[in-house]
Amino acid sequence: MDDSSGLKHKELEFTLAAVSQLSSSSLSSSSSSSSSVIARFSADSGVAELRFHRDSEFIDGFNVDIGTSQLFKLGPVQSLCVSESSGASKEKSYSRAVTIQFRNEDESRDFHSAFEQWQKDVIQAGIHLPNGAIAASKSKFDYKIEPSSAKMYFHYYGQLLHQQNMLQDYVRTGTYYAAVIENRVDFTGRVVVDVGAGSGILSLFAAQAGAKHVYAVEASEMAEYARKLIAGNPALAQRITVLKGKVEEVELAEKADILISEPMGTLLVNERMLESYIIARDRFLVPNGKMFPSIGRIHMAPFSDEYLFVEIANKALFWQQQNYYGVDLTPLYGSAFQGYFSQPVVDAFDPRLLVSPPLCHVIDFNEIKEEDLFEIDIPLKFIASVGTRVHGLACWFDVLFNGSAVQRWLTTAPGAPTTHWYQIRCVLSQPIYVMAGQEITGRLHMIAHNAQSYTMYLSLSAKMWGPGAVQGGILQTSSGKLDLKEPYYRMSQPQSYTMAQDQQPQQLLQAQAIPIHTEDLDEAELLRQPSENTGPQLQ
């Protein structure tokens with residue numbers, strides 16, 4: 001492809017340690033100890049390709065069409081490139097795989113970045129389309145999301161009963177309404193893009209605030225319902241256009257002054273819609289345009305909840321039966337036990353169960369790159385306020401609507417009015433014991449997967465406490481692997497805890513005594529905290 005088709009990169013080369021081709025019957029190596037392999041990104045033939053050379057000679061049969069391939073990391077210095085076949089079958093199949101061995105981790109990282117950039121250019125090549133049209137080539141969404149997951153996702157959001165569930169979350173809907181109407185100055189006379197518009201309610205809010213025109217982009221069948229709802233509000237409908245398609249695919253005739261969206265999932269990042277929000281920013285938003293919301297924060301704190309721990313552990317007791325219709329089920333007990341603890345718990349909990357003040361991880365939607373959301377690594381450090389058993393990590397989030405007139409927060413914090421997001425708790429199969437004043441360290445490492453969610457790796461450790469603490473050292477460590485895609489929807493309302501397990505009532509943490517730290521951002525005034533006792537105030 002030439003520059004006119006959107007590929008502006010010149011040839012790019014990488015020296016590899018080895019490259020091998022996998023087939024159904026054999027592994028044929030193309031490398032040897034006496035010669036290196038060169039991987040060359042090229043568009044000479046009219047197709048963006050990855051071609052492999054040894055001793056300046058092209059290795060026949062190893063070339064890869066970047067537009068129809070996927071690259072997977074197998075290890076720090078090894079990757080797998082899978083090429084889609086060109087058969088007549090409508091079902092996707094992959095006929096060839098090439099394993100790539102790098103000389104070091106830096107070269108592996110640079111190669112993956114180059115592959116992603118070339119693939120991005122392939123996707124965006126030749127996108128001079130009429131307003132609202134959809135590019136014929138596969139989008140970034142299609143490359144990174146499993147088709148079955150996407151099908152279920154859009155089916156879910158294409159149903160009115162699920163839209164009703166979100167609309168009836170009055171904390172959510174009321175906060176969005178207040179954030180828009182109170183900041184008419186940002187919307188009046190402006191072009192707005194509603195990313196993942198759903199029922200179109202946010203588009204209607206933007207039109208009420210005086211938007212010049214609103215493009216409501218929705219990929220599910222809900223787009224038809226949005227058209228019907230908007231048409232039923234004729235005073236606003238003439239300034240709203242519904243576009244059915246993904247934000248990665250649709251084209252607009254003009255740039256947007258402001259983006260509005262509700263891209264938050266459980267733990268803020270579940271469903272991976274934040275990535276689409278960032279892509280929409282890069283594709284449609286004018287420089288220095290506004291985003292509603294503009295900042296998200298994930299809050300985390302260790303918690304103690306003996307009742308929840310016992311509830312989860314007891315689920316696996318079924319598998320301890322040694323004579324179930326004459327069958328011994330105990331060989332599967334260990335796997336079942338770990339399986340139940342791999343499910344994050346979604347419910348509302350009493351903030352007095354928190355063992356320390358929380359910390360937060362900030363995501364600035366104005367600045368973050370899409371790839372920064374593929375892997376999120378959060379170091380954890382807390383000081384226990386009470387002596388107790390720590391059963392895991394409690395998490396919630398909030399987002400900021402940084403309007404020119406009013407800054408407004410939407411929070412899902414424990415103790416605040418409950419939302420349809422509730423809170424989330426990662427429960428460890430092995431609790432740790434802490435004393436008041438003891439340091440708790442750990443790590444929350446989240447890796448995105450193609451089912452539109454994250455695999456979560458959590459570890460918590462109790463550091464040495466008392467006279468020997470200055471020498472450091474870890475007394476206990478517990479870790480777990482959880483799948484954010486498969487939570488346990490407990491969703492009970494906060495229980496009335498008169499006494500938290502082995503704690504005395506006077507030791508319990510009071511909700512108002514748990515500050516949310518703001519040192520992660522520079523502008524303290526921007527990060528004014530939402531009230532934990534009141535919902536959105538509509539004016």
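The values are calculated or read from the model by the stated rules, or taken from the named source; none is laboratory data. The structure displayed is predicted, hence computed values, not measured ones. Cβ: placed from backbone, ideal geometry, glycine included. Neighbour counts: every protein chain shown. Areas reflect the complete protein model, heavy atoms only, side chains present, ligands, DNA and RNA absent. Shrake-Rupley method; radii C 1.70, N 1.55, O 1.52, S 1.80 Å.
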**Prompt:** Can you tell me which residues in segment 200-235 are part of a loop (DSSP other than H, G, I, E, B), farther than 26 Å from Ala405 by Cβ and at pLDDT 95 or above?
**Reply:** Gly232
**Request:** Give the number of residues within segment 378-414 that are open to solvent by 30 Å² or more (accessible area, probe 1.4 Å) and more than 25 Å from Ser261 (Cα to Cα).
**Result:** 5
**Asked** Applying the selection to segment 238-265, what residues are open to solvent by less than 20 Å² (accessible area, probe 1.4 Å) and among the polar types (S, T, N, Q)?
**Response** Ser261
**Fill in**
Val355 passes all but one of the listed conditions (1) of a type outside the set (Ser, Thr, Tyr); (2) within 18 Å of the chain's Cα centre (by Cα); (3) over 30 Å from Asn183 (Cα atoms); the exception is number (2)
**Asked** Yes or no: Met300 outside the structural domain of Val355 (by the TED database) and touching a Leu at 6+ places or on another chain (Cβ under 6 Å)?
**Response** no
**Message:** Go through (1) within 27 Å of the chain's Cα centre (by Cα); (2) in a helix (DSSP H, G or I); (3) assigned by the TED database to the domain that holds Pro417; (4) surrounded by fewer than 19 Cβ atoms within 10 Å (Cβ to Cβ) for Asp282 and report which single condition fails.
**Reply:** (3)
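Per-residue answers, yes or no, for (1) among the polar types (S, T, N, Q); (2) touching a Gly at 6+ places or on another chain (Cβ under 9 Å); (3) more than 23 Å from Thr15 (Cα to Cα); (4) at pLDDT 65 or above:
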site	(1), (2), (3), (4)
Gly46	no, no, yes, no
Phe72	no, no, no, yes
Arg103	no, no, no, yes
Gln119	yes, yes, no, yes
**Asked** Can you tell me which residues in segment 443-458 are in contact with a Pro (Cβ under 8 Å, 6 or more places away or on another chain) and open to solvent by 20 Å² or more (accessible area, probe 1.4 Å)?
**Response** Arg443
**Prompt:** Which pairs do you get when a residue that is without any contact (Cβ under 8 Å) to a residue 60 or more places away in the chain, found in segment 238-257, comes within reach of a residue that is of a type in the set (S, T, N, Q) and surrounded by 17 or more Cβ atoms within 10 Å (Cβ to Cβ), reach meaning Cβ atoms under 6 angstrom, with the pair 6+ apart or on two chains?
**Reply:** Ile240/Ser203; Val247/Ser276
**Request:** Would you check if there is a residue in segment 322-331 being more than 23 Å from Ala413 (Cβ to Cβ), without any contact (Cβ under 8 Å) to a residue 24 or more places away in the chain and in a helix (DSSP H, G or I)?
**Result:** yes
**Request:** Scan segment 248-279 for residues that are aliphatic (A, V, I, L, M), touching a strand residue (DSSP E or B) at 6+ places or on another chain (Cβ under 8 Å) and in a helix (DSSP H, G or I) and jot them down.
**Result:** Met273, Leu274
**Request:** Scan segment 199-235 residue by residue and report those that are among the small types (Gly, Ala, Ser), out of contact with any His (no Cβ under 9 Å at 6 or more places or on another chain) and buried (at least 19 other Cβ atoms within 10 Å of the Cβ).
**Result:** Ser199, Gly200, Ser203, Ala206, Ala209, Ala211, Ala216, Ala219, Ala223, Ala226
**Prompt:** Regarding Ala301, is this residue in a helix (DSSP H, G or I), in contact (Cβ under 8 Å) with a residue 60 or more places away in the chain and buried (at least 19 other Cβ atoms within 10 Å of the Cβ)?
**Reply:** no
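Look through segment 416-443, keep the residues that are in a loop (DSSP other than H, G, I, E, B) and within 20 Å of His361 (Cβ to Cβ), and return whichever of them is farthest from the chain's Cα centre (by Cα).
Ala416
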**Request:** Can you tell me which residue within segment 168-198, out of those that are hydrophobic (A, V, I, L, M, F, W, C) and within 15 Å of Gln407 (Cα to Cα), is surrounded by the fewest Cβ atoms within 10 Å (Cβ to Cβ)?
**Result:** Val185
**Complete:** Condition set assigned to a strand (DSSP E or B) and β-branched (Val, Ile, Thr), scope segment 371-392, selection farthest from Ile279 (Cα to Cα): answer is Thr388
**Asked** Taking the stated definitions as given, is Ile368 part of a loop (DSSP other than H, G, I, E, B), in contact (Cβ under 8 Å) with a residue 40 or more places away in the chain and of a type in the set (Val, Ile, Thr)?
**Response** yes
